[in-house]
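Asker: Questions regarding the structure given below will be posed in turn.
The values are calculated or read from the model by the stated rules, or taken from the named source; none is laboratory data. Computed from a predicted model, the values in this text were never measured in an experiment. Cβ: placed from backbone, ideal geometry, glycine included. Neighbour counts: every protein chain shown.
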Amino acid sequence: MSVALVTGASSGIGAAIAISFADAGWEVMAAGRDEGRLEEVADVSDSLAIWSGELRESEECDELVADTIDEFGRLDCLVNCAGILLRGDAVETSDDDWRDTMAINLDVPFYLSRAALPHLQESQGSIVNLSSNWGLQAGQRAVAYCTSKGALNMLTRAMARDTAPDGVRVNAVCPGGVDTPMLAAAAADADNDVDELLQQIADHSPNGRIATPEEIAALVLFLASDAASHITGTTVPIDGGLSA
């Protein structure tokens, strides 16, 4: 039995990842803030357990990892998927928006990874971080988000170098636009029509469409699998060719 811990699992990409792991025969701890939505995700499979709460401080992250071990007895993959996107350039970005973005997009993956690594060393497991193509090349009016994802990519590489001798792999996936509630919320925050934004993203993509959460989940599951046993320290774009 393999066990995955997936954050941000109440909707969007995180929910798709949790379900894809369960469908592949993994036991899954699906973590998020919205208990009602988590219960809906868990209804999909008996292999899914849920953990509802805030993840901002290191103690909360330690508790989540400990609860996962108590529930399943082991951990084989940590998927850091929880994230926020607050729009604004440097002048528009408040102190609170900057700190919130760094806390959720960078601090929490670090805290969870630190807590999970002793268990992943035992299982020869892996970490998959959900980054963004805006961590590879900057986007407009998202200075905090781009910075946090660029830092997450470097965290991925640095941890991969440190953990490779222990048999633990660390990778990141870098999606472009994905049809998720977070993208819709970001569009509303910028006073954009959601459908128009989705069409703009599709029009700018070389393959002419926007990604689905399930496509991102399939890549995450592959990176956690034995088929990717020699892949570590990578930041993999999955953006329809946009970053090319």
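Asker: What residue, among those in the range 179-189 that are at pLDDT 75 or above and not polar (S, T, N, Q), is nearest to Arg33 (Cα to Cα)?
Answerer: Restricting to residues being at pLDDT 75 or above and not polar (S, T, N, Q), the top hit is Pro181.
Asker: Does the range 210-242 hold any residues that are part of a loop (DSSP other than H, G, I, E, B) and either among the small types (Gly, Ala, Ser) or within 16 Å of Gly177 (Cβ to Cβ) (or both), and which are they? Full working, then the answer.
Answerer: Restricting attention to the range 210-242, the residues satisfying the condition of being part of a loop (DSSP other than H, G, I, E, B) are 210, 212, 225, 229-234, 239-242.
The answer is Ile210, Thr212, Ser225, Ser229, Gly233, Asp239, Gly240, Gly241, Leu242.
Asker: Could you identify the single residue in Val3, Val44, Val79 that is of a type in the set (Val, Ile, Thr), buried (at least 23 other Cβ atoms within 10 Å of the Cβ), in contact with a helix residue (DSSP H, G or I) (Cβ under 6 Å, 6 or more places away or on another chain) and over 23 Å from Cys174 (Cβ atoms)?
Answerer: Checking each option against the conditions leaves just Val3.
Asker: Tell me, yes or no, whether the range 139-156 has at least one residue that is surrounded by 17 or more Cβ atoms within 10 Å (Cβ to Cβ), within 15 Å of Ala224 (Cβ to Cβ) and in contact with a strand residue (DSSP E or B) (Cβ under 9 Å, 6 or more places away or on another chain). Before the answer, list the steps.
Answerer: Just the residues of the range 139-156 that are surrounded by 17 or more Cβ atoms within 10 Å (Cβ to Cβ), to begin with: 142-153, 155-156.
When the remaining residues are screened for being within 15 Å of Ala224 (Cβ to Cβ), the result is 156.
Among the residues that remain, those that are also in contact with a strand residue (DSSP E or B) (Cβ under 9 Å, 6 or more places away or on another chain) are: 156.
Scanning the range 139-156, I find at least one residue that is surrounded by 17 or more Cβ atoms within 10 Å (Cβ to Cβ), within 15 Å of Ala224 (Cβ to Cβ) and in contact with a strand residue (DSSP E or B) (Cβ under 9 Å, 6 or more places away or on another chain), so the answer is yes.
Asker: Same structure, new question: Regarding Cys174, is this residue farther than 25 Å from Ser58 by Cβ, touching a residue at least 60 places away in the same chain (Cβ under 8 Å) and of a type in the set (A, V, I, L, M, F, W, C)?
Answerer: Taking the combined requirement at face value, the residue satisfies it.
Asker: Step by step: first the residues of the range 190-208, then only those that are surrounded by 14 or more Cβ atoms within 10 Å (Cβ to Cβ) and in a loop (DSSP other than H, G, I, E, B), then the one that is modelled with the lowest pLDDT. Which residue is that?
Answerer: Looking at the filtered set, the residue picked out is Asn192.
Asker: Could you please find all residues in the range 11-32 being modelled with pLDDT of 95 or more, in contact with a strand residue (DSSP E or B) (Cβ under 8 Å, 6 or more places away or on another chain) and part of a loop (DSSP other than H, G, I, E, B)?
Answerer: Trp26, the sole residue that qualifies.
Asker: Another question about this same structure. Which one of Ala227, Ala172 is closer than 30 Å to Asp34 by Cα, of a type in the set (Gly, Ala, Ser) and either crowded, with 18+ Cβ neighbours inside 10 Å or at pLDDT 85 or above (or both)? Can you show your working first?
Answerer: Details: Ala227 fails: closer than 30 Å to Asp34 by Cα.
None of the others qualify; the one that does is Ala172.
Asker: Limited to the range 83-101, what total is found for residues that are buried (at least 17 other Cβ atoms within 10 Å of the Cβ) and out of contact with any Leu (no Cβ under 6 Å at 6 or more places or on another chain)?
Answerer: Number of matching residues: 8.
Asker: Is it the case, given these coordinates, that Ser47 is touching a Gly at 6+ places or on another chain (Cβ under 8 Å), within 14 Å of Phe72 (Cβ to Cβ) and either modelled with pLDDT under 95 or of a type outside the set (A, V, I, L, M, F, W, C) (or both)?
Answerer: Yes; evaluated as a whole, the condition is true for this residue.
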